[in-house]
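Accompanying notes for the structure given below.
The values are calculated or read from the model by the stated rules, or taken from the named source; none is laboratory data. Since the structure is predicted, the reported quantities are computational estimates derived from the model, not experimental observations. A quick note on method: Cβ atoms are made from the backbone with ideal geometry, for glycine too, and the neighbour counts reach across all protein chains shown. The protein model used for the area step is the full one, side chains on, heavy atoms only, and it has no ligands, DNA or RNA in it. Shrake-Rupley method; radii C 1.70, N 1.55, O 1.52, S 1.80 Å.
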Amino acid sequence: MRFVDVIARKRDGHGLSREEIDLFVAGATDGSIPDYQCSALLMAIVLRGMTDQETAWLTDAMVRSGDRVDLSDIPGTKVGKHSTGGVGDKVSIVLAPLAAACGVVVPKMSGRGLGHTGGTLDKLESIPGFRIDLTIAEFKRVLREVGTSIIGQTASLAPADKTLYALRDVTATIESIPLISASIMSKKLAEGSNALVLDVKCGDGAFMKDPAQARALAVSMVAIGTHAGVRTEAVITDMESPLGCAIGNSLEIIECLHTLKGEGPPDVADVAVRLATRMVLLAGVETDQRAAARRVEDALHSGRALDTFLRMVEAQGGNPRIGDDLKLLPQAPDVDIIRAPRAGYVTQLRAEGLGRASNVLGAGRTKVGEPVDHAVGIVTRVTRGARVEVDQPLIELHHREGRGLEAARELCAAALAIADQPPPHRDKVLGEIR
Ligand code: URA
């Protein structure tokens, strides 16, 4: 089989066979198909799409390109979670201990920040001593002892995705539902969970900007998981504005601690409770939706979820005293305030601009491998829809000696809109796919 013929078949709108897809993934992983041919096929897939069957074969070939974690010796149903990425999206850090405190085993492999979106690993690394590079044996020990562990994806997991993702990033071929689905699901299926809850973000700060696209991505990923024998559900959540108030690594850990103490922003707790309820049901800990929701609320308000989080922190080398003393977390030396230029209603607090503002202050990267500043970032003091008066403080910029401050101010000002009338209400949870 000549690979140029495979590219031509997709270019002309034909479906690919399993053998053709296997050839592509194996050749991309071992380098026997050159980057220019891989990129040409990726672009043909972006333009021509893939059937559900082709997407399932692509995912399966990507899973088989590396190792699959075997968690079968850990008792209980293992329920994984993945978010398609957003701004201020700290849900995993609250959700994993919350579901674990309800009796669900939650193995979680996470990523770093990508573009304007933040990464769970960067946030956790702001906790002094916290290790995200556990071996699989250590990961399993923490899972057994605490019920949850959050670590970085190991290099041997779906290596085909690493090659293809790097090519997609520089060939304008990220935006494709089959390619995004296969990329995410290959990593999730390789992690060895028995069930999976997906948080598909939708809106300004998400990869999927409109609800129809977000729904199509959710349907595609649920179909792939189910086809692979992993019970998979998706919740579509709003990412027009950031989730919660804090954007930036240490600032988000502080907000997670507030949420686990029952004192955080309601939207963070609502999304975490909604997803945890689904995880409790998927794990079979409860069979009734209302009983599952009650169990989750009780774990949150009794302090058991906080205790589970701090035990995970300690088991992974971090300082559990952050639960009592937030000053142990990195703090930016300087804080500037953006004030309301006029009175009215906040109609826009656009997530992408605020995410970029946090990144230019140093919370994110401009190049792969660059260090991040864990202390800096943004805190919004108002939410979309709030009534504000002229000069009222709206946004805090936590910075280090002015680094990126002017650019961040401009990005925040452009992300913000105030008008005479309140904006239409937007629900945080936009839909569910089961
Ligand atoms: N996240 C991923 O892991 N892959 C994609 O293709 C997009 C977002």
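What to note about this one:
- Look at the dipole of the range 43-168 built from charges on Cβ: of Met109, Leu98, Ser156, the Cα furthest out on the positive end belongs to Leu98.
- The share of alpha-carbon pairs in the chain lying farther apart than 33 Å comes to 34%.
- Peptides 258-268, 383-393, 50-60 ordered by average Cβ neighbours within 10 Å, highest first: 50-60, 258-268, 383-393
- Over the chain, accessible surface divided per residue gives 40 Å², non-protein components excluded, 1.4 Å probe.
- 222 nm mean residue ellipticity, helices alone, for the chain (DSSP H n ≥ 4; -39,500 (n - 2.57); rounded to 500): -13500 deg cm²/dmol
- In range of the label at Asp420: residues from the range 320-357 whose backbone nitrogen is under 14 Å from the point 7 Å along Cα→Cβ: 343-345
- Evaluated with a Cβ-only charge set (Lys, Arg +1; Asp, Glu -1), the range 337-381 carries a dipole of roughly 220 debye about its Cα centre, given to the nearest 20.
- Averaging the sequence gap over all C-alpha pairs within less than 8 Å and six or more residues apart, then dividing by the number of residues, gives the range 1-104 a relative contact order of 27 percent.
- Cα radius of gyration and Dmax for the range 284-347 (Å): 19.5, 52
- Residue-count net charge about Glu233 - beta-carbon cut-off 10 Å; Lys, Arg +1, Asp, Glu -1: +2
- Between the listed residues Pro75, Thr259, Pro320, the Cα displaced farthest toward the positive end of the dipole of the chain, a dipole computed from Cβ unit charges relative to the Cα centre, is found at Pro75.
- Kirkwood Rh in Å, taken over all unlike Cα pairs in the range 1-83: 14.3
- Taken about its Cα centre, the chain carries a charge dipole of about 380 debye when Lys and Arg each add +1 at the Cβ and Asp and Glu each add -1 at the Cβ.
- Put a dot 7 Å past the Cα of Val219, heading toward its Cβ, do the same for Thr347, and the two dots end up 3.3 nm apart.
- Ratio of Rg to Rh for the range 195-330: 1.00 [Cα atoms; Kirkwood radius as inverse mean 1/r over pairs].
- Each principal axis of the Cα cloud of the range 160-247 was evaluated for its coordinate range; sorted largest first, these ranges are 35, 31, 26 Å.
- Carbon + sulfur, % of accessible area of the chain - ligands and nucleic acids excluded, 1.4 Å: 51
- Using the Karplus relation 6.51 cos²θ - 1.76 cosθ + 1.60 with θ = phi - 60°, the per-residue 3J(HN,Hα) values for the range 143-153 come to 4, 5, 7, 10, x, 8, 8, 10, 9, x, 5 Hz, with x marking Gly and Pro.
- Cβ-based charge dipole, the chain, positive-most Cα from Ser302, Gly284, Thr232: Gly284
- Given charges at beta-carbon only (K, R positive; D, E negative), |dipole| of the range 28-100 in Debye: 280
- The Rg/Rh ratio of the range 316-423, with both radii computed over alpha carbons and Rh defined as the Kirkwood radius, is 1.04.
- Under the simplified labelling scheme, the Arg18-Asp288 pair shows an inter-label distance of 4.4 nm, with each label point 7 Å from Cα along Cα→Cβ.
- The range 84-125-the range 331-407 distance, computed between alpha-carbon centres (Å): 21
- Diffusion constant of the range 73-117 at 25 °C, which comes from Stokes-Einstein with the Kirkwood Cα-pair radius and 0.890 mPa s, µm²/s: 209
- Available extension along the chain between Thr135 and Thr366 is 80.3 nm, counting 0.36 nm per residue and deducting the alpha carbon span.
- For the residue pairs Lys81/Lys367; Lys10/Lys162; Lys90/Lys188; Lys81/Lys327; Lys162/Lys188, the alpha carbons lie more than 24 Å apart in Lys81/Lys367; Lys81/Lys327.
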